[in-house]
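What follows is a short report on a single structure.
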Amino acid sequence: MPARIIPVAAFDYVVFGATGDLTARKLIPALYYRFKDGQFDTNSRIIGVSRSNWDDKKMQQVARQAVTDRVAPADIEKKLLDDFVSCFSYIPNDVTDADGWAELSAKLRKDPGIVRAFYLAVAPNLFAPICEYLSKKSYWRRDARVVLEKPLGRDLKSSQAINDAVAKVFHEDQVYRIDHYLGKETVQNLLALRFANAMFEPIWNRAHVDHVQITVAESVGAGTRGYYDESGALRDMVQNHILQLLCLVAMEPPASDDANALRDEKLKVLRALKPITRENIDRVSVRGQYKGLSSENATVASYQEELPADKKGSRTETFVALKAEIENWRWAGVPFYIRTGKRLATRVSEIVIHFRDVPHSMFANAEGPLRANKLVIRLQPDEGVKMFMMIKDPGPGGMRLREEHLNLSFSDAFEERTPEAYERLLLDVIRGNQTLFMRRDELEAAWAWIDPIREAWDDSPESPQSYTPGSWGPSGSVALIERDGRTWHEEGDF
Ligand code: BG6
């Protein structure tokens, strides 16, 4: 069945920081696909704003190039692409430049039917001055929207400062904080799996679930992004993406799909996370940093070698494993093991729900181990859901048990291309749907849990454990879960 396309109202999307990498890599290709599907037309405008001395022509060239580079050739049509790039224009403005602001004000259409959105893909220290300008009458409208890109702070205090600056100008219902994981199809599918099927919810609790594993592994390195060394895996991946996944797995069923109904439930999970502090940090956390690899087949630089001279010796972690616990009735005593890192064995994001063993086995004489059921939700790549279960190995020769799986592979089941997260998120802003965006209290609750972990690590004399590129992280990560008599789900098990 072809996807249902519902056109959105025409818009003026102002992208601050338009010359940056994110615009070319994510925003432009995503908008192209939405344009191609007829979700908006040339009555909509994308207005790039940045310090560089570009003009409309240059912005349009960049848009054309971004599509050519990132969209499948079969999806590019000349006329369509020409029309698409005609939606782009550019205003040079270094935020303090009155002329640039005047030009922007003249460009914004006054028609109240045209949705007005400001996308801040800039360093967070520019959020306050930009918002201050946007508070002026020629930009601000009660129904204007502001989109905030990460990093949304480095700790609770700095994220509060960002939120305060934005809140001086925009009401919370105008603010769209991006966590692109929430825009991923498979992440939204978690909601469908849990709440559009009756069979899981009765067993989705401590009585039936032994533990949960969340893995977000990347095979790429941290690269030379200056930002990463300031951030590290805990801030870059756990504070946002992984905690959001954990919330979707652990939250109570929201009463409706209203944005606040869902975000209220996520917030309760974040607030129920057991604090990780100096007292328990060594038992429940591991951090790592990849070393180099030099063999006949490959040479991979270590994290340290990738750093500029003034950053050498950095203790920034490129890998984290944590044992998180949720202190509420549903999940008391059920650990959530989470791990993420760069330069790991493969790129994979998945959630594994490990159910409890059968309470009693009648198969005393059967061959083969009796394994507990597992539900594996694969977010990327090879999106799908697998239910591991025990069956009788077919044929005579007594009762032999074997583990097999029921497989729902989305790539096999659906012919359509899986849309990128930004396609959904960019147009949800225009629709005015905040469901897949983080609310202020959620963001701050996540930081409140992360900060003591960060502080305990900073105070510790120990450095991150080193690990070999292409592995599953430092040995401490294996020890973390094995101490509890459990093991990480292996990639080959999917
Ligand atoms: C970003 C992080 O938020 O997510 C990156 O800053 C990371 O370090 C990326 O590589 C991973 O996203 P995805 O969609 O490729 O899983």
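The values are calculated or read from the model by the stated rules, or taken from the named source; none is laboratory data. The shown structure was predicted, so the numbers you read here are calculated from the model rather than taken from an experiment. Positions of Cβ are backbone-derived with ideal geometry, glycine not excepted, and every protein chain shown enters the neighbour counts. The accessibility values were calculated without ligands, DNA or RNA, using every heavy atom of the protein model including side chains. Shrake-Rupley method; radii C 1.70, N 1.55, O 1.52, S 1.80 Å.
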query: With every protein chain present, what accessible area does VAL95 have (1.4 Å probe, heavy atoms only), rounded to the nearest 10 Å²?
result: 20
Within the chain, helix-based [θ] at 222 nm, where runs of 4 or more DSSP H residues each add -39,500 (n - 2.57), nearest 500: -9000 deg cm²/dmol
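What is the Cα convex hull volume of the stretch 1-99 when expressed per residue in Å³?
It is 100 Å³ per residue.
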- request: Take the Cα radius of gyration of the stretch 223-307 and divide it by 2.2 N^0.38 Å, with N its residue count; two decimals is plenty.
  value: 1.56
- request: Taking H placed 1.01 Å from N in the peptide plane, check which residues at least 5 places from ARG45 or on another chain put their amide H under 5 Å from its amide H.
  value: PHE11, ASP12, TYR13
query: Ranked by accessible surface with a 1.4 Å probe, highest first, in what order do HIS180, HIS241 come?
result: HIS180, HIS241
- line: Given all pairs of distinct Cα atoms, the chain yields a Kirkwood Rh in Å of 24.6
query: Ranked by accessible surface with a 1.4 Å probe, highest first, in what order do LEU344, LEU293, LEU22 come?
result: LEU293, LEU22, LEU344
- line: Taking Cα atoms, the helix 421-431 axis meets the longest principal axis of the chain at an angle in degrees (rounded to 10) of 50
task: Counting only GluC sites (Glu not before Pro) that are in a DSSP loop and have at most 13 other C-beta atoms within 10 Å, tell me the longest site-free stretch of the chain.
output: 78-278
query: How much of the DSSP beta bridge set in the chain is antiparallel, as a percent to the nearest 5?
result: 55
Compactness of the stretch 357-457 as Cα Rg over 2.2 N^0.38 Å, two decimals: 1.76
